[in-house]
Amino acid sequence: MQLATPPDREAPADHPIEANIRRRWSPRSYAETPVSASALHSLLEAARWSASCFNWQPWNFIVLRKDEHAAAHEKLFGCLSVNNQGWAGKAPVLMLAVAKTTAPTDGSTNKYAWYDTGAAVANLAAQAGPLGLQVHSMAGFDAAKAREAFSIPEGFDPVCALAVGHPGPADVLPEALKARETGPRVRRKLEEFVFFGGWQG
Ligand SMILES: Cc1cc2nc3c(=O)[nH]c(=O)nc-3n(C[C@H](O)[C@H](O)[C@H](O)COP(=O)(O)O)c2cc1C
């Protein structure tokens, strides 16, 4: 089986960082290999232990295994943008991260709901690499269609779709996707977004 992180996908970090962060990336090619139930539970457990505002834990995950929930997997696939449909269908697991947008105390708006849900996805993704898996977030989906397809009530926002699986070889992808799959991994430099001592606009 292909490595969860081929050497050319490792982040060329400027400062030392933990291996699971350096080796996390967003693949477009997935192997057919199913994701084990225990690995899937570990990903979700990692999400569970994220920090959140007032410990309100606003995240929710609809988890759709291609082998067990084929119709629902297909339904979420049908909510993805055309671009994402170009590669995400092979992922053995699709998820939908859904944020509860109201405070459990008094029903007022929880303005940190998306922030906390994103943090939970980041934990989930960081847990994936050591288990041979990778996670690819997708904003490219129709949230209204997903809400209807999965009967998601008001007070909850579909935030992001996720493709989860064991990465596959890049050379099975169409040329344009292959180029993105193998292109350089780039980031802004620390100096561009870190302002030690105060804002420097
Ligand atoms: C919130 C969010 C939404 C994203 N939406 C998409 C998407 O719709 N389609 C896609 O191919 N990649 C999507 N990505 C993946 C990013 O393009 C990717 O994280 C970025 O290029 C950095 O690459 P890396 O994750 O491999 O480091 C998304 C990532 C995040 C965090």
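The values are calculated or read from the model by the stated rules, or taken from the named source; none is laboratory data. Just so it is clear, the structure is predicted and the values come from calculations on it, not from any experiment. Counting neighbours? That spans all protein chains shown, and the Cβs are built from the backbone with ideal geometry, glycine included. SASA here: full protein model, heavy atoms, side chains in, ligands and nucleic acids out. Shrake-Rupley method; radii C 1.70, N 1.55, O 1.52, S 1.80 Å.
Solvent-accessible area of W114, probe 1.4 Å, all protein chains present, reported in Å² to the nearest ten, please.
Roughly 130 Å² of W114 is accessible to a 1.4 Å probe.
Counting helices only, and only those DSSP H runs with n ≥ 4, report the 222 nm mean residue ellipticity of the chain as the sum of -39,500 (n - 2.57) divided by its residues, in deg cm²/dmol to the nearest 500.
Calculated mean residue ellipticity at 222 nm is -9000 deg cm²/dmol.
Quickly work out the V194-to-Q2 label distance, labels modelled 7 Å from Cα along the C-beta direction, and quote it in nm with one decimal.
3.2
Which ³J(HN,Hα) values in Hz, rounded to whole numbers, follow from the phi angles of the range 97-109 under the Karplus curve 6.51 cos²θ - 1.76 cosθ + 1.60, where θ = phi - 60° and Gly and Pro get x?
Result, rounded to whole Hz: 8, 10, 9, 7, 8, 10, 6, x, 6, 9, x, 6, 5.
Taking 20 °C and 1.002 mPa s as the conditions, I'd like the Stokes-Einstein D for the range 35-168 in µm²/s, using the Kirkwood hydrodynamic radius from alpha carbon pairs.
Translational D for this selection: 143 µm²/s.
Between S38 and D142, what length in nm is gained on full extension when 0.36 nm per residue of separation is reduced by their alpha carbon distance?
34.4 nm
In Å², and per residue, what accessible area does the range 35-168 have when probed at 1.4 Å with the other protein chains present?
That works out to 46 Å² for each residue.
What Kirkwood hydrodynamic radius, in Å, does the range 111-201 give when the mean of 1/r is taken over all pairs of distinct Cα atoms and then inverted?
For the range 111-201, inverting the mean 1/r across all distinct Cα pairs yields 16.7 Å.
Cα-Cα pairs above 17 Å in the range 11-62: how many percent?
The calculated P(r) of the range 11-62 puts 62 percent of pairs beyond 17 Å.
Filter the DSSP H helices in the chain by two things, a Kyte-Doolittle mean of at least -0.5 and an axial alpha-carbon span of 20 angstrom or more, and list the hits by number.
Correct list, ordered by number: 113-128.
Which of the listed residues, A120, A170, A144, is farthest toward the dipole's positive end in the chain, when Lys, Arg count +1 and Asp, Glu count -1 at the beta-carbon?
With unit charges placed on the Cβ atoms, the residue in question is A170.
Given the options W49, A71, T102, identify the residue whose Cα lies farthest towards the positive end of the charge dipole of the range 35-168 (+1 on Cβ of Lys, Arg; -1 on Cβ of Asp, Glu).
Comparing the listed Cα positions along the dipole, A71 ranks first.
What residue among F77, F150, F54 has the largest mean-square fluctuation in a Gaussian network model of the chain, using Cα springs under 10 Å?
F54
Of the residues G155, G168, G118, which exhibits the maximal mean-square fluctuation in a Gaussian network model of the chain defined by a 10 Å Cα contact cut-off?
Between G155, G168, G118, it is G155 that shows the largest mean-square fluctuation.
Residues of the range 126-145 with amide nitrogen under 20 Å from the 7 Å Cα-to-Cβ point of E45?
Output list for this probe position: 126-135.
How much length, in nm to one decimal, is gained on full extension between Q85 and E68, taken as 0.36 nm per residue of separation minus their Cα-Cα distance?
Gain on extension, Q85 to E68, equals 4.1 nm.
How far apart, in nm, are the 7 Å Cα→Cβ label points at L177 and S108?
4.6
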